[in-house]
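In what follows, a single structure is set out as structure tokens and then discussed.
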Amino acid sequence: MFSAADKVAGQGVGSAYLELVHLLHERFQDEFDIKINKYGRSQISHYHTINFPFFISTFLPGRGRKIGYVHFLPETLEGSIKIPQPFRAIFYWYVIAFYKRMDHIVVVNPSFISKLEKVGIDRSKITYIPNFVDDQEFHEFSKDKKLALRDKYGYDQDRFMILGTGQIQERKGVFDFIQLAKDNPEIQFVWAGGFSFGRITDGYTELKKVVDNPPANLSFPGIVDRDVIGEYYNMADLFLLPSYNELFPMSVLEAFSCGTPVMLRDLELYRSIIDGYYESASDEADMQEKINNLRNNITGLKFLHDKSLTAAQKYSKDHLAAIWHKFYTQQAKEG
């Protein structure tokens, strides 16, 4: 395994990487000899991030079968970080060059397959394997525990709560989240996340002003540790991710696993992976209308709660363990 994904807090890529490593150690430690960021000889080298030293290592002997994990494409970085020209063009070229060095590619969203084909990567070298979360770490709490958590974190037990998570950046739709909070002062809004990339975050200046001085009903607890974030999902009545562009957001899987009703912006990429398990909304006005319909609708929230738990089974650790085992075994044979 080659990865630097866990060096920057608050990234879904890091969460996905850690989940996979933990799974392999837990289930297959007698079959797979796993080393992290070591350059000894191996049958398989799985690159989770595109750091330049990793790219150089692909030219060294002993790398075995080179697997690239595609968590993003150049276009999905728009609205996340600001890279001035000509450096942006150079970086985007490098991203594709890295992927082309791989013997095989794993994508977390099937919509990436055709896009990778367009840049010259053969479809036969691409496999779709979705993200997953550990239901031991992310699961639904009892009603009493949920209420106790509201007390613990200083939130009203009776107030409808909407949670968003992830990096605070323009691509995540945080401006819409903020506007919804302003338009609904009777609802508690919480965004758990931070500026993982600091000042180069797209929209940083405007967003930082709101984070430093938010409306009374909007809370920014910052980057929440992974072993705590499950408590936030359980406190929430609704999880809202208004992103304009996503890959396969770990936050949605985490919310599903906790049984939290989910609302997402209506994006094509979601339809191919989690269609039918969430409430979709086309824009901020539609989100407002859907929130109005759901906040006092016990039956509607229960329906979305049940859909979340159904989705969680589809993307469970048990199911994905078998998929990864088969994939690695096959790649070792082809190496």
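The values are calculated or read from the model by the stated rules, or taken from the named source; none is laboratory data. The structure presented is a predicted model; accordingly, all values stated were derived computationally and were not measured. Quick reminder, even Gly has a Cβ in these numbers, built from the backbone with ideal geometry, and neighbours come from all protein chains shown.
Descriptive notes on the structure:
- Only one entry of Thr165, Thr205, Thr201 meets the criterion of being over 22 Å from Leu247 (Cα atoms), assigned by TED's automatic domain parsing to the domain that holds Leu264 and among the hydroxyl-bearing types (Ser, Thr, Tyr), and that entry is Thr205.
- Taking the criterion of being under 26 Å from Asp156 (Cβ atoms) and either at pLDDT below 95 or buried (at least 23 other Cβ atoms within 10 Å of the Cβ) (or both), the residues of the stretch 242-261 that qualify are Ser251, Val252, Glu254, Ala255, Phe256, Ser257, Cys258, Thr260, Pro261.
- Restricting the search to strands (runs of 3 or more DSSP E) fully inside the stretch 1-113 and requiring at least 2 residues that are more than 23 Å from Thr201 (Cα to Cα) and of a type in the set (Ser, Thr, Tyr) gives 44-47.
- Sole residue being of a type outside the set (Phe, Trp, Tyr), in contact with a His (Cβ under 8 Å, 6 or more places away or on another chain) and under 21 Å from Gly64 (Cα atoms), chosen from Lys100, Lys125: Lys125
- Residues satisfying the stated conditions in the stretch 188-221, i.e. touching a residue at least 24 places away in the same chain (Cβ under 8 Å), surrounded by fewer than 14 Cβ atoms within 10 Å (Cβ to Cβ) and under 19 Å from Arg171 (Cα atoms): Ile200, Glu206
- Across the stretch 154-172, the qualifying residues are those that are among the β-branched types (Val, Ile, Thr) and part of a strand (DSSP E or B), and the one among them that is farthest from Phe220 (Cα to Cα) is Ile162.
- Residues located in the stretch 126-153, provided they are part of a loop (DSSP other than H, G, I, E, B) and acidic (Asp, Glu): Asp134, Asp135, Glu137, Glu140
- Just one of the listed residues (Ala311, Ala322) is within 24 Å of the chain's Cα centre (by Cα), under 24 Å from Glu19 (Cα atoms), part of a helix (DSSP H, G or I) and touching a residue at least 12 places away in the same chain (Cβ under 8 Å), namely Ala311.
Listed here are the residues, each with its yes/no results for (1) buried (at least 16 other Cβ atoms within 10 Å of the Cβ); (2) modelled with pLDDT under 95.
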site	(1), (2)
Ala89	no, yes
Tyr99	yes, no
Val108	yes, yes
Phe132	yes, yes
Ala148	no, no
Gln167	yes, yes
Leu180	yes, no
Asp183	no, no
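- Test for Ser114: is it at pLDDT below 95 and farther than 23 Å from Ser15 by Cβ: yes
- Entirely in the stretch 180-279, the helices (runs of 4 or more DSSP H) that have 2 or more residues that are under 25 Å from Glu140 (Cα atoms): 229-235, 250-257, 268-274
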